[in-house]
Amino acid sequence: MRTRRLITAWIVTLSVLFLTGCLTARIPEDETMESTRERVTEVPQTKESETDAPVTYAPSESEASETTASEPAESVTPPVTEPTTETPTEPRIPEGMSVFFGHLMDHAVAEANARTLAQQGSGLYDVLSGHVWLNEEVLPLIEAYTLPERPFYGARAVTPELREQILANRNTAFLSEFPGTEVQLRYGIISRNAAVRSFPTSMRAADSLDGRAFDYFQESMFQIGEGVLVLHESLDGQWVFVQGPNYNGWVHEEDIAFTSEADFRAFLTARDFAVAVRPGVQATVERPSQEAIQLTLRLGTVLPLKRFDESAVTLVFPVRNEVGDLETQEITLENNGAFSAGFLPYSADALLAVARSVIGWEYGWGDEKENYDCSSFSGLSYRCFGFYMPRNSSQQRYFGGTVTDVSAQDRASKYRFLEEHPGAVLAYPGHVMVYEKTEEGRHYILHANTVWYDGAGVFHEAYRVWEAPLEELARADGSLLLDAVRWIVTFP
């Protein structure tokens with residue numbers, strides 16, 4: 001990095017503590033995990049939809065008209081890495097706290113994260129693990145994505161030539177021709193909220209040219225300050241295939257500030273950090289020889305912290321300079337409850353207060369336009385407390401909390417269970433919701449979705465994060481949404 005302004009006062013005391021990256025996972029005796037420095041021989045899972053078909057998730061005609069808030073297909077499982085076990089000695093970790101993914105958090109939360117990381121299919125990955133990637137590990141991740149079978153790519157009808165052009169831009173020939181070759185890793189910090197795409201293109205794959213139509217190239221979003229490992233580059237040089245903490249995919253190269261491994265680790269393991277516990281805070285980043293950019297801090301954004309009080313915070317922002325390298329800039333923002341110094345202490349009431357702050361925010365498939373879909377809403381609400389939940393709804397049942405299978409329970413039993421677990425995540429294939437409260441005999445949830453039916457069979461549009469009683473949410477076939485719920489995830 002050309003300008004080394006990365007919190008040098010912290011690096012001296014913190015490098016030993018945080019090089020480990022995360023808490024040692026509790027692995028069952030019958031489950032083995034390979035060394036982070038050894039080749040991973042397991043073939044990554046094929047990307048599957050919520051219905052277990054080996055294609056990018058696309059709702060059927062009936063699903064598209066139901067209350068289900070569909071979302072992109074789950075991320076392919078990256079190579080398994082074992083959390084490092086080195087025990088830091090200085091500075092001391094406060095009693096009841098642990099380190100996971102480089103940050104201090106409540107020990108019970110860190111343990112839940114470690115259990116999630118250890119589960120095959122969770123999609124979590126420790127970018128600080130030091131794993132040595134090989135070409136044959138990257139290629140299956142790229143090829144797991146299938147071109148969406150949609151009539152429009154961009155503003156034009158799909159043609160065979162256009163499909164071939166997109167496929168060729170993945171630039172995969174080298175990866176297949178040289179198996180066993182070590183990937184020349186590059187390290188990057190997301191400098192502005194970055195769309196994660198299934199293919200290296202900014203075109204939208206959609207069923208219509210309606211602005212509300214889902215973009216089936218859109219997978220997820222990496223947030224400002226997240227670290228990614230750059231594994232591959234597109235043919236046109238504009239896109240890079242990256243692995244992040246809970247997803248992999250194509251990101252536009254201009255959304256990343258590149259840096260050395262040492263500075264990458266220093267930024268991600270800052271002892272003092274702040275968390276955005278309300279969505280939508282705006283920040284202006286000044287860039288020498290470039291135009292200033294306006295940034296929106298999404299819920300759960302984590303950045304190094306310089307100063308914190310009730311009225312203002314000073315945060316360290318990653319800035320991409322004119323040659324693409326990482327610089328940093330200290331920016332002071334109003335606080336007024338928008339930030340927490342470190343992760344919030346978990347309680348159901350605190351979780352629900354955070355989740356309610358997103359009510360009214362627009363729905364965005366795969367977080368398109370910096371909005372929220374069902375599972376990013378639930379996952380990022382929990383992120384404010386240090387939980388790293390899997391990205392997509394089908395994966396969130398792998399969360400290291402307690403997952404209860406309620407598929408065989410009747411409505412009354414499900415209601416009784418929910419009454420005892422405010423803040424629980426309700427999940428069924430294609431959708432997740434957060435249980436809020438019981439009031440006057442009705443059971444309320446918070447969720448992000450698109451359309452729904454009421455008990456009388458009347459169709460409604462939502463396209464937002466909102467509160468609703470389960471008793472009034474139905475599907476196209478007349479059944480209640482509650483009937484479809486298979487899993488309820490709780491913590492502790």
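Remarks
- Meets criteria (out of contact with any Gly (no Cβ under 6 Å at 6 or more places or on another chain) and more than 19 Å from Glu182 (Cα to Cα)) for Phe273: yes
- Test for Arg278: is it modelled with pLDDT under 95 and not hydroxyl-bearing (Ser, Thr, Tyr): no
- Across segment 96-104, not a single residue is classified as surrounded by fewer than 15 Cβ atoms within 10 Å (Cβ to Cβ) and closer than 30 Å to Gly364 by Cβ.
- With respect to (1) free of Cβ contacts under 8 Å to residues at least 40 places away in the same chain; (2) out of contact with any Leu (no Cβ under 8 Å at 6 or more places or on another chain); (3) farther than 30 Å from Glu420 by Cα; (4) of a type in the set (A, V, I, L, M, F, W, C), the lone exception for Leu305 is condition (2).
- Residues that are among the acidic types (Asp, Glu) and at pLDDT 95 or above, drawn from segment 208-227: Asp215, Glu219, Glu226
- Odd one out for Met105 among (1) at pLDDT 95 or above; (2) within 17 Å of the chain's Cα centre (by Cα); (3) of a type in the set (A, V, I, L, M): (2)
- Selection from segment 289-348 of residues that are buried (at least 19 other Cβ atoms within 10 Å of the Cβ), of a type in the set (Gly, Ala, Ser) and part of a strand (DSSP E or B): Ser340
- Out of Met389, Met433, one residue alone is in contact with a His (Cβ under 7 Å, 6 or more places away or on another chain) and either in a strand (DSSP E or B) or closer than 22 Å to Leu351 by Cβ (or both). It is Met433.
- From the options Ala468, Ala476, residue that is assigned to a loop (DSSP other than H, G, I, E, B), touching a residue at least 24 places away in the same chain (Cβ under 8 Å) and of a type in the set (A, V, I, L, M, F, W, C): Ala476
- Of all the numbered requirements in (1) assigned to a helix (DSSP H, G or I); (2) modelled with pLDDT under 95, Gly366 misses one, and that requirement is (2).
- For segment 198-243, taking the residues that are part of a loop (DSSP other than H, G, I, E, B), of a type in the set (Gly, Ala, Ser) and more than 19 Å from the chain's Cα centre (by Cα), the one that is surrounded by the most Cβ atoms within 10 Å (Cβ to Cβ) is identified as Ser234.
- Only one of Thr284, Thr259 that is hydroxyl-bearing (Ser, Thr, Tyr) and free of Cβ contacts under 8 Å to residues at least 60 places away in the same chain: Thr284
- Residue that is nearest to Glu261 (Cα to Cα), among those in segment 168-193 that are within 28 Å of the chain's Cα centre (by Cα) and surrounded by fewer than 13 Cβ atoms within 10 Å (Cβ to Cβ): Gln184
- Scope segment 438-465; condition in a loop (DSSP other than H, G, I, E, B), over 28 Å from Glu368 (Cβ atoms) and not acidic (Asp, Glu); matching residues: Gly441, Gly455, Ala456, Gly457
- Residue in segment 325-347 that is in contact with a His (Cβ under 6 Å, 6 or more places away or on another chain) and on the phi < 0 side of the Ramachandran plot present: no
- Count of residues meeting criterion [touching a Gly at 6+ places or on another chain (Cβ under 7 Å) and at pLDDT below 95] in segment 369-395: 5
- Taken over segment 445-492, the criterion of being among the hydroxyl-bearing types (Ser, Thr, Tyr) and under 28 Å from Ala213 (Cα atoms) is satisfied by Thr450, Tyr453, Tyr463, Ser479.
- Qualifying positions in segment 111-154 - over 16 Å from Phe241 (Cβ atoms), β-branched (Val, Ile, Thr) and either free of Cβ contacts under 8 Å to residues at least 24 places away in the same chain or crowded, with 19+ Cβ neighbours inside 10 Å (or both): Thr116
The values are calculated or read from the model by the stated rules, or taken from the named source; none is laboratory data. Here the structure is a predicted model, which means the values were calculated and not measured. Every residue, glycine as well, gets a Cβ built from its backbone with ideal geometry; the counts of neighbours run over all protein chains shown.
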